[in-house]
Amino acid sequence: AQSVTQPDIHITVSEGASLELRCNYSYGATPYLFWYVQSPGQGLQLLLKYFSGDTLVQGIKGFEAEFKRSQSSFNLRKPSVHWSDAAEYFCAVGDYGNKLVFGAGTILRVKS
Amino acid sequence: EAGVVQSPRYKIIEKKQPVAFWCNPISGHNTLYWYRQNLGQGPELLIRYENEEAVDDSQLPKDRFSAERLKGVDSTLKIQPAELGDSAVYLCASRGSGVPTDTQYFGPGTRLTVL
């Protein structure tokens, strides 16, 4: 069965600094990978997804993620964080059965 | 385009009481999901519908949970009776097709507190 690990429960970065959120997955076949963001009281919003092709994926709000099969990782990055990026971020892996399995999430705090 | 609509947004009940959550997916979306999100965790799938058929309900605790999607549009998730451990956020999501790479769109969720 597939699983997702997000090693960092909380991360704090300064506004304008770069960001990297880690995600490791376990899945037997080629995975479909997703990053979602959840602000307080809001539903999850898709940032980006990967299912084939170029391993560097661009998303909304200036985010990107890189798929590394050898490391079973799909880390999320942003070169310069804005205060509005403070939220909880979820990595997820999907299968052919249309089921998403989510990690436990990483809470991002941005300090000014 | 309207997003996924859920109601109520918040619900507080006593244990052993029944509760129901309603979801209206994005127009035209055939696939509908119910997830439960416990505090400090990611969402976990409870049930998936393709049109009006429940095609994956393996994670739904069937002794107390039930769901329906009449006419293949909106859906209701019910808990009867509720237990303290059911306190969580219940999320509804929809997708336009059955293609795994297609995006799931999430509603804002219903936060349930069982006292």
Taking the Cα centre of chain B as the origin and placing charges on Cβ (Lys, Arg +1; Asp, Glu -1), which of B:92, B:4, B:113 is farthest toward the positive end of the dipole?
B:113
In Å², and per residue, what accessible area does chain B have when probed at 1.4 Å with the other protein chains present?
48
Charges at C-beta only: +1 for Lys and Arg, -1 for Asp and Glu. How large is the resulting dipole of chain B about its Cα centre, in Debye rounded to 20?
400
Protein accessible surface hidden between A and B, which excludes ligands and nucleic acids, total in Å², probe 1.4 Å:
1700
Tell me, what is the percent relative contact order of chain A, built from C-alpha pairs under 8 Å that lie six or more residues apart?
37
Quantify, in whole percent, the carbon and sulfur part of the accessible surface of the protein assembly as shown (1.4 Å probe; protein heavy atoms only).
49
Accessible area per residue in Å² at 1.4 Å probe, computed on the stretch A:1-94:
47
Under the rule of at least 5 residues apart or a separate chain, name every residue whose amide H is placed under 5 Å from the amide H of residue A:47.
A:35, A:36, A:37
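The values are calculated or read from the model by the stated rules, or taken from the named source; none is laboratory data. Because the structure is a prediction, the values reported are computed rather than measured. Every residue, glycine among them, receives a Cβ derived from its backbone with ideal geometry; neighbour counts consider all protein chains shown. Side chains included, ligands, DNA and RNA excluded: accessible areas come from the protein's heavy atoms. Shrake-Rupley method; radii C 1.70, N 1.55, O 1.52, S 1.80 Å.
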